[in-house]
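Since the structure comes first, as structure tokens, the remarks are kept for the end.
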């Protein structure tokens with residue numbers, strides 16, 4: 001465990017870069033994390049900046065072959081391992097991330113699993129079963145939740161079980177929101193077994209045919225994501241009090257995307273849904289008021305004792 005890190009002239013540019021990445025690529029997450037205490041907020045930016053950089057290796061179209069991209073992922077993993085050993089890096093996103101990772105005790109297995117998920121997303125564009133998809137969701141999303149938990153602070157190791165579920169819930173939400181743009185890149189994340197069960201063909205998705213069967217399939221997928229949110233939410237109470245507010249807000253905002261899909265009669269091809277800024281602000285205010293009421297009533301959560309960084 002390193003001594004508490006500080007924003008200095010030497011590292012400020014790296015953290016500012018991570019903050020800009022967060023604000024640009026995830027407005028929902030950025031809104032929610034702005035309510036975190038200063039140190040945890042900047043640490044969150046560093047964490048998200050690294051994760052977004054990894055995702056962008058394949059999410060942003062570039063003139064690179066699959067082999068070249070996989071080589072880049074491998075090089076990033078090597079630099080990450082060196083940074084964990086040395087405690088520093090000149091890589092623009094690892095520079096801030098490694099300070100945070102070493103300070104909060106984030107195991108190297110988590111970011112390495114994320115990179116495995118990114119590589120998996122290049123090599124696998126179909127998933128036979130939900131178990132297969134769950135592994136992908138774990139690597140690209142759940143490990144992000146696990147890393148975030150170290151930054152946010154917690155009182156009980158059981159919190160990691162809930163963090164994993166919340167990460168999967170959010171990734172399933174991403175998948176349902178992005179069906180149209182994913183299929184344009186040749187990717188269909190909905191498990192093949194589910195497609196067969198509901199009588200939906202790949203051509204229905206590729207040709208944007210909104211059939212009754214696809215509507216039923218979308219209802220099923222949304223219900224599955226909702227179950228993960230429902231199972232994950234109780235774990236937020238195991239975070240330290242000062243962090244709970246932001247994560248309740250983030251979960252509520254993200255879950256709101258599912259409600260927007262429902263409002264479009266489950267049609268994923270009409271538009272890329274999002275939660276409007278005004279609604280996000282309302283959610284954050286509501287959660288802020290709720291947190292203050294609980295504090296005023298002196299309701300102690302497990303996160304107030306035996307706090308772990």
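The values are calculated or read from the model by the stated rules, or taken from the named source; none is laboratory data. This is a predicted model, so every value here is computed, not measured. Neighbour counts are summed over all protein chains in view; Cβ atoms, including those assigned to glycine, are modelled from backbone coordinates with ideal geometry.
Taking residue 102, is it closer than 22 Å to residue 170 by Cα, touching a residue at least 24 places away in the same chain (Cβ under 8 Å) and out of contact with any helix residue (DSSP H, G or I) (no Cβ under 7 Å at 6 or more places or on another chain)? Here the answer is no, as residue 102 does not meet what is asked.
Can you name every residue in segment 199-221 that is buried (at least 19 other Cβ atoms within 10 Å of the Cβ) and closer than 18 Å to residue 172 by Cα?
205, 214, 217, 218, 221, listed by residue number.
For residue 196, the criteria (1) crowded, with 20+ Cβ neighbours inside 10 Å; (2) more than 17 Å from the chain's Cα centre (by Cα) hold in every case but one, which is (1). Put simply, of 51, 137 the only residue that is assigned by TED's automatic domain parsing to the domain that holds residue 160 and either surrounded by fewer than 19 Cβ atoms within 10 Å (Cβ to Cβ) or not in a loop (DSSP other than H, G, I, E, B) (or both) is 137. Only one of the listed residues (123, 161) is surrounded by fewer than 20 Cβ atoms within 10 Å (Cβ to Cβ), under 20 Å from residue 237 (Cβ atoms) and either under 17 Å from the mean Cα position of the chain (by Cα) or at pLDDT below 95 (or both). That residue is 161.
Could you pull out the residue among 82, 73, 58 that is at pLDDT below 90 and within 22 Å of residue 109 (Cβ to Cβ)? Outline the logic, then answer.
Working: 82 fails: at pLDDT below 90; 73 fails: at pLDDT below 90.
Sole residue among the options that is at pLDDT below 90 and within 22 Å of residue 109 (Cβ to Cβ): 58.
The set of residues in segment 161-193 being closer than 16 Å to residue 266 by Cα and in contact with a helix residue (DSSP H, G or I) (Cβ under 8 Å, 6 or more places away or on another chain) consists of 172, 173, 174, 175, 176, 177, 179, 190. With the requirement that a residue be in a helix (DSSP H, G or I) and either surrounded by fewer than 14 Cβ atoms within 10 Å (Cβ to Cβ) or at pLDDT below 95 (or both), what does segment 104-117 give you? Within segment 104-117, just 109 meets the criteria. Across segment 268-293, what is the number of residues that are surrounded by fewer than 16 Cβ atoms within 10 Å (Cβ to Cβ) and modelled with pLDDT of 85 or more? Number satisfying all stated conditions: 3.
Of all the residues in segment 84-99, those that are touching a residue at least 12 places away in the same chain (Cβ under 8 Å) and farther than 23 Å from residue 153 by Cα number 2.
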